[in-house]
Amino acid sequence: MNRKSILVVEDEEKLRRVVGMHLSSAGYEVKAAGTAEEAIKYAGDADLILTDLRLPGMDGLALLEKLNAQNSQAPVVVMSAFGTVENAVEAMKKGAVDFLPKPFSLDHLSVVVEKALEVSKLRDENRELREALGKKYQFENIIGRSPAMQEIFATIERVAGTRATVLLCGESGVGKDMIARAIHQHSPRRERPFVKINCTAIPENLMESELFGYEKGAFTGANTSKPGKFEQADTGTVFLDEIGDVPASIQVKLLRVLQDREFERLGSNKVLHTDVRVIAATNVDLRAALEQGTFREDLYYRLNVVPLNIPPLRERKEDIPFLVDHFAKKFGGELSEGALERLMSYHWPGNVRELENVVERSVLLARGPRVEAEDIRIDTAAARSRPAGSDHFLPEGMTLDEYEQSIIREALKRANGNKSQAARLLGLTRNALRYRLAQMGIE
């Protein structure tokens, strides 16, 4: 493990030497400088900078400004015998993480140094997490080499920088959530909140308070005020998933947000304003809903500014080999050509989400180091709904029930009889597995 490097900037030679010796004995690599000008030469290699405020020539505050101008990532702790509140506040404003008044004990120094390095570690982890998040949702990394997906990526690139409302249409499992996040990550709002709202998961009587918040006393049990999702997402992006399931009463309020960027909390007459970019998604035909009168026409046109129709996996089968390779690497497996052929010939009613599930299950339950054709674990519920003529998914001479039972027995074997673990391997709930075991006559 590399030792942390600390730069000590102190014009008093005796104190500089004592601090340096103490930090060296604590396991740190120490460099010392008597002036700010000298310190700038070493600052680039430091993990922490400990500087006096009163220095000959450039003082500690000026050094802080210089380091900020150079985009230094090292945290700075300021020391001073003239430790007034004003000094501390000014140092903090210029970027210092702590203020150490003189005289100080060496034990106190150690505590401050450890705390500052911990702050630096958290900053680095947060920065790496943001970078990783951005990389994950870059549309270049969403697997899709087909012309249809390339056209979608080109559209994302054109609209991400705007505040235009985007409507994502496509079957369940095609990747609408991933694309919504990619749009956000490529937008100027990438550092601001991304708030996903699953409209299906929120009961109708709670939807207004969830979306727009409520005031204390608005209803029984409202003991405090609470901001809604649109307040939480201010200056960021709101992703309205399954927008087709929003009840008519809420559609009116959503239309107002889209048109006027304003709303009111439940139980309040105060108008609140929000700056959000809205992305909506649906797996139902909203035009049919318009004809049925279950979805407002004016809201539809407000949402449908930039429509993106994401094709199902069966219409872009040229993407399957790349997706399979990606998922196989993710789960630590390798698929044979025969296994890939089986996956290519399936119709994938659950789209990319189902494909990922099947690859993961097949890798986990494979009988050898490589997933062979007979190891492919297609969900039996989906298999029942497959098109006619696709019976080649079943091993020769085996019925669907027999094949299902063989998969369940294999999962139990690999889970050492643990039903919960076997259910997870099979993508079932524990109760669903128990039901199937009861049908098989297995206690």
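Rule-based calculations on the coordinates, nothing more; no lab input. Every value quoted in this text rests on a predicted model; they were computed, and no experiment measured them. Neighbour counts are summed over all protein chains in view; Cβ atoms, including those assigned to glycine, are modelled from backbone coordinates with ideal geometry.
The angle between the Cα long axis of helix 60-69 and the main principal axis of the chain comes to about 30°, on a 0 to 90 degree scale. Counting 0.36 nm for each residue step from LEU206 to LYS270 and taking away their Cα separation leaves a gain of 21.0 nm. Taking a ≥ b ≥ c as the square roots of the eigenvalues of the Cα gyration tensor of segment 112-224, is the shape rounded (a/c under 1.5), prolate (a/b larger than b/c) or oblate? The shape class here is oblate. Separation of the alpha carbons by more than 18 angstrom is noted, of LYS41/LYS66; LYS41/LYS115; LYS176/LYS253; LYS31/LYS93, for LYS41/LYS115; LYS176/LYS253; LYS31/LYS93. The label point for GLU125 and the one for ASN309, both projected 7 Å from the Cα toward the Cβ, are 4.7 nm apart.
Of the residues PHE99, PHE239, PHE230, the one that moves most in a GNM of the chain with alpha-carbon contacts below 10 Å is PHE99. Counting only alpha carbon atoms, the long axis of helix 176-185 and the longest principal axis of the chain meet at about 20°.
Which whole-number percent gives the relative contact order of the chain, counting Cα pairs below 8 Å spaced six or more residues apart? Don't skip to the answer; put the middle values down first.
Details: 669 pairs, mean separation 46.4, N = 443.
Here the relative contact order equals 10 percent.
Note on segment 1-59 and segment 135-212: Cα centroid distance 48 Å, given to the nearest whole angstrom. Coupling constants for segment 234-245 follow from the phi torsions by the Karplus curve (6.51 cos²θ - 1.76 cosθ + 1.60, θ = phi - 60°), and in residue order they are 3, 6, x, 10, 10, 10, 8, 7, 6, 4, x, 9 Hz; glycine and proline get x.
Of the DSSP beta bridges with both residues in the chain, give the percent that are antiparallel, rounding to the nearest 5.
Details: 4 of 40 bridges.
Taking every DSSP beta bridge within the chain, about 10 percent pair in antiparallel fashion.
Computing semi-axes √(5λ) of the Cα gyration tensor in Å directly from the structure and comparing it against (1) 54, 34, 22; (2) 42, 32, 21; (3) 41, 28, 17 singles out (1). Within the set of other residues whose C-beta is less than 14 Å from the C-beta of LYS14, count the net charge using Lys and Arg as +1 and Asp and Glu as -1. So the surrounding residues net to -2. Amide H contacts of VAL371 (H built 1.01 Å from N, in plane; Pro and chain starts excluded): GLU334, LEU335, SER336 sit under 5 Å, all sequence-distant by 5 or more or on other chains. GNM on the chain, alpha-carbon springs under 10 angstrom: the most fluctuating residue among PRO369, PRO311, PRO103 is PRO103. A Gaussian network model of the chain, with springs between Cα atoms under 10 Å, assigns the largest mean-square fluctuation among ALA280, ALA26, ALA248 to ALA26. Full extension of the chain between GLU151 and ARG261 gives 36.5 nm of extra length, using 0.36 nm per residue less the Cα-Cα distance.
With respect to the chain, whose longest principal axis is taken over its alpha-carbon atoms, helix 430-440 is tilted by about 30°.
Pull out a ≥ b ≥ c, the square roots of the eigenvalues of the alpha-carbon gyration tensor of segment 290-334, then state rounded if a/c is under 1.5, prolate if not and a/b is larger than b/c, and oblate in the remaining case. Prolate, since a/c reaches 1.5 and a/b exceeds b/c.
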